[in-house]
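The values are calculated or read from the model by the stated rules, or taken from the named source; none is laboratory data. Model, not experiment: these values are computed from the prediction. Heads up, the Cβs are rebuilt from the backbone with ideal geometry, glycines too, and the neighbour counts pull from every protein chain shown.
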Amino acid sequence: MDPIATAVLASWTLDWGSLCLLLTIAALYFRGWLHLHAELPYKYTTGRLASFTGGLFAIVLALDSPIDALGALLLQAHMIQHLLLTMVAAPLLLLGQPVLPLLRGLPRWLFKDALGPFLSCRELKQLGHAIVHPVVTWFAWSAAIVVWHFPRLYDLAVRSPGWHQAEHACFFWSAVLFWWPVVDVWPSIPIWPRAAMIPYLLFAGMVNMGLSAVLSFSNHILYSSYALAPRLWGISALEDQAAAGGIMWVPGSIAMLIPVAILGIRALETRRAHPMKPVLRVLTPHRPRQWDLLRIPIIGPVLQYRHFRRCIQAAMLLLAAVVAIDGFFGPQVAPMNLAGVLPWTHWRGLVVIALLLAGNLFCMACPFTLPRDLARKFVTPRYHWPSRLRSKWIAAGLLATYLWAYEAFSLWDSPSSTAWIILGYFVAAFAVDIVFKGASFCKYVCPIGHFHFVHSLVSPLQVKVREPAVCGSCTTHDCIRGNVQQRGCELQLFQPRKAGNFDCTFCLDCVQACPQNNVGILRAGPGQSLLEDHHSSGIGRLSRRPDVAAMVLILVFGAFLNAAGMTEPVMMWMHQWHARLQLGSLVPIVTVMYLGGLLIIPGLLVAACGWISRLGAKASWKDLTCSFSLALVPVGFSMWLAHLSNHLIAGWSTVIPAVEKFVSRAPSVNYLQAWVPDWIPSLELCFLDLGLLLTLYTTWRVARRLSTGDGMALAAMSPWAVLAGALYSTGIWIVFQPMQMRGMIMH
Amino acid sequence: MKPLLLPAFVILAQATAWADGGTVQLRQEAGDLVITVFTSPSPLSVGPADISLLLQNRDGLEPVLDAKVSLVLRAEDSGIELQAQPTREKARNKLLYAAPVTLFKPGKWRMAFVVVRNQEETDGVGSLEVAAAPDKAASYAAFIAFPPVMIGLFIVRQWLIRQRSQRGE
């Protein structure tokens, strides 16, 4: 093939963000269409599905294909792009009758709780009815295409990406409106008779034709951007303009005339009665079976395989051993050592992403408990964990200590320290669990596990009973007691009374133990357990636990402090004080910073918020503080997510030279350099936005639970909303600062 | 792909602020070639930018795809120098030779490029005016505006629910 043609055809640009959005829309439509196709097969046919998919493909073709790339150089390519958006994509999408499938495709909570009040609002229905009136839609489309073809506006759109997007959005949305009455999109009621759509289309065709004529017959170049653009293949700007006019004229008119012909034929057809085809299936309300990860082919059986957990634990144990060996004996340069990159860059990033997308998967694969499990085959622990220590205070203290030590001793920069921590972790887990029964280390000590427990409160999956009624008739309670073949839950979570993910290690012992096969990994709404605050087995109510609240606050404020510690202004500030006070090390400065930022300031802020909340809620200061503190989990998690995913994305390749060095090969220095894609700040801000919104919504729900009436609830939640807003603003500030890329060499 | 479908697209738009093509900075006929230099974003400002070249045969204006291009940018006041190798692989439009660069300083930058084709060397010079970096918060305004908009919608939702309950629906 001609190399120029090859180059042109290769000029695709796939913008993954927008592509993901289109795929999400396609998935929502498909999900809704599946439901509707089963219920109304004559209305939601396969043709509708094909049409909607074709519409989405036309958008991709218009905006991602070589047509877009050539659009800046050739007006005719730009014109094809506009025709694809207005005359192909818009009508095809509407022929898919998208309203109901898209609504049915949404998660139920979003459809019912979030959109429900809007959809049933009389005034909004009237507004929608007015917007799709044929007079409005005709003028909207005509105005859009005429106004955007004024030379000044068109040139502005060609010069500026932002205005170009605005132009395309205007064309597309006005076209959606234009085609709405023509296609007769359900559930809107036709305002004019179908035959009236013929003059509607013909008059629109005349507008299109008028504009095309101006472009085709003008004897001067209308758009200065194209006058300045280099001419390809000797096509002059004026010839290009005339060709663009021709494209607008002929295919544009055909796109109008096809529906005119169809409508005309239908109008001339003798009216025949179309008896309603009977719906054969009886539409009885039924409770849909819950989505269950364990029922997904391949994944479900693999997860339920009796030795699955042992296998992944063994793999992680091996990995931990390799990391520790390299940490002790390898080069003490973090980016060149597995202990400098794997735990701090990769493992932490993967942990938070797993928590966001699934749940507490890393406790499932925990290597630290494997040696004690093996040891327990020979030694049986004799003691119960002391009742005075049955709280989260130890874990909270260890978390605070870890966060401080990480910064004070630059743990990320010291492979040997990392190796000592790993070794210490194994020893501690072994020592605790060989003396005390159950999973005492996991439940009362492990700071990593508690990081997971807290943040899995916003995870979308939870280990849960499938059918509560089945448990009602159960007398053996194997899920907690265990049986001959399988131990029960070592964290004392009785499945029928378990709510949320807190304290759940995803070990799946309960799944294996249940003789009724009644425990699954089910889907949960975002932050569901924070919103509902049920009494949970083995934990009680989270909102009544000051130890849990303290741990949550350490993790929330620790998220911001930990990320801020890597920003240039904070590092400069620390070094300035270090120099001013002429200290031997940074440890005292970091200690003061962490005492203030992790304990004193949060303590004071939370105390003040709890006190102000009493104005709107009839509850004790302690209950208010504990309840509202939990609501801060999403905003804290969003900061962890933004921060740690940044490191993972920027530094994923750093593992390559570390592995090469470990296996005694010359490391590829190129991979040591961090590459920060320019979309990272957008992703981080997305996380922060969603975290703030979920926190605010949770705060509102907590306030409603503890107050009487909306006004009082608003008063009760206000200080916490302000606190969440302040944390969010801090997060935004952090994202905009230059950040030290730890464990790698900055590009 | 450019934002189009939903208001949420406005947010995604921030990540794709520019690509190759953009503003024509220079057009020069040298040797057998017609060289056009584009820059984006428009206007050019401190931070990541894209510099792309379209090389065409003087006869027939066919795009030239087999050249090697090198580019040097020098800030006039500070003397900072950047070197880049624009290639077709880095370009979105594969008829162009593009190079992503990061401009560190505002002000005037001198640009010099060398095109090697069929062992013949063609060079050219030009200048670029680089504006100060746009405010980061302004660049990401849509993200920062998103929570207040959602809060506003939530307030409307609550109001609608209240209206409905007052009407006894």
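Summed over the stretch A:28-73, residues that are part of a helix (DSSP H, G or I), more than 14 Å from every other protein chain (Cβ to nearest Cβ) and over 19 Å from A:LEU84 (Cβ atoms) total 14. Evaluate the following for A:PRO187: is it surrounded by fewer than 19 Cβ atoms within 10 Å (Cβ to Cβ), farther than 26 Å from A:LEU263 by Cα and touching a residue at least 40 places away in the same chain (Cβ under 8 Å)? Judged against the criteria, A:PRO187 is not a match.
Here is the figure for the stretch A:689-721: residues that are within 29 Å of B:ALA142 (Cβ to Cβ) and charged (D, E, K, R) total 2.
Just to be sure, is A:ILE221 in a loop (DSSP other than H, G, I, E, B) and at pLDDT below 90? In short, no. Looking at the stretch A:14-27 only, could you name the residues that are within 12 Å of another protein chain (Cβ to nearest Cβ), in a helix (DSSP H, G or I) and of a type in the set (A, V, I, L, M, F, W, C)? Of everything in the stretch A:14-27, those that are within 12 Å of another protein chain (Cβ to nearest Cβ), in a helix (DSSP H, G or I) and of a type in the set (A, V, I, L, M, F, W, C) turn out to be A:TRP16, A:LEU19, A:CYS20, A:LEU21, A:LEU22, A:LEU23, A:ILE25, A:ALA26. Of all residues in the stretch B:5-54, those that are crowded, with 17+ Cβ neighbours inside 10 Å, over 8 Å from the mean Cα position of the chain (by Cα) and at pLDDT below 80 total 9. Among (1) surrounded by fewer than 21 Cβ atoms within 10 Å (Cβ to Cβ); (2) under 13 Å from A:THR53 (Cα atoms); (3) within 14 Å of chain B (Cβ to nearest Cβ), there is one condition A:LEU95 misses while meeting the rest; what is its number? Every condition holds for A:LEU95 apart from (3).
Could you tell me whether any residue of the stretch A:181-200 is over 45 Å from the mean Cα position of the chain (by Cα), in the same structural domain as A:ILE131 (by TED's automatic domain parsing), in a helix (DSSP H, G or I) and of a type in the set (Phe, Trp, Tyr)? Checked against the condition, which is being over 45 Å from the mean Cα position of the chain (by Cα), in the same structural domain as A:ILE131 (by TED's automatic domain parsing), in a helix (DSSP H, G or I) and of a type in the set (Phe, Trp, Tyr), the stretch A:181-200 yields no hits at all. If you check every pair at least six apart or on different chains, which have Cβ atoms under 9 Å apart with a residue in the stretch A:644-666 that is buried (at least 23 other Cβ atoms within 10 Å of the Cβ) first and a residue that is of a type in the set (Asp, Glu) second? So the pair list comes out as A:ASN646/A:GLU684; A:ALA658/A:ASP326. Only a single item in (1) within 14 Å of chain A (Cβ to nearest Cβ); (2) touching a residue at least 40 places away in the same chain (Cβ under 8 Å) is not met by B:LEU71, and it is number (1).
With respect to (1) surrounded by fewer than 18 Cβ atoms within 10 Å (Cβ to Cβ); (2) more than 30 Å from A:MET574 (Cβ to Cβ), the lone exception for A:THR591 is condition (2). Screening the stretch A:417-499 for helices (runs of 4 or more DSSP H) wholly inside it with 1 or more residues that are within 30 Å of A:VAL333 (Cβ to Cβ) returns the ranges A:447-455.
Could you check, for the stretch A:34-47, whether at least one of its residues is crowded, with 18+ Cβ neighbours inside 10 Å and either within 18 Å of A:TRP148 (Cα to Cα) or among the charged types (D, E, K, R) (or both)? No, the stretch A:34-47 contains no residue that is crowded, with 18+ Cβ neighbours inside 10 Å and either within 18 Å of A:TRP148 (Cα to Cα) or among the charged types (D, E, K, R) (or both). Of all residues in the stretch B:29-56, those satisfying the criterion of being within 11 Å of chain A (Cβ to nearest Cβ) and β-branched (Val, Ile, Thr) are B:VAL34, B:ILE35, B:THR36, B:VAL37.
When the criteria are applied in full, A:SER11 meets the requirement of being touching a residue at least 12 places away in the same chain (Cβ under 8 Å), touching a helix residue (DSSP H, G or I) at 6+ places or on another chain (Cβ under 8 Å) and at the interface with another protein chain (Cβ under 8 Å from one of its Cβ atoms). For the stretch B:110-141, a residue qualifies if it is within 10 Å of chain A (Cβ to nearest Cβ) and either in contact with a Pro (Cβ under 9 Å, 6 or more places away or on another chain) or modelled with pLDDT of 95 or more (or both), and the qualifying residues are B:LYS136, B:SER139, B:TYR140. Output the qualifying pairs, or none if there are none: Cβ atoms under 6 angstrom, residues six or more apart or on different chains, first residue in the stretch A:168-184 and within 14 Å of another protein chain (Cβ to nearest Cβ), second residue part of a helix (DSSP H, G or I) and of a type in the set (Phe, Trp, Tyr). Pairs that qualify, where the first residue is within 14 Å of another protein chain (Cβ to nearest Cβ) and the partner is part of a helix (DSSP H, G or I) and of a type in the set (Phe, Trp, Tyr), are A:SER174/A:TRP141. Of the residues making up the stretch A:106-125, those that are outside any helix (DSSP H, G or I) and more than 21 Å from B:GLN166 (Cβ to Cβ) are A:LEU106, A:PRO107.
Every condition in (1) closer than 25 Å to A:TYR223 by Cβ; (2) out of contact with any Ser or Thr (no Cβ under 9 Å at 6 or more places or on another chain); (3) within 14 Å of chain B (Cβ to nearest Cβ) holds for A:LEU124 except the one numbered (1).
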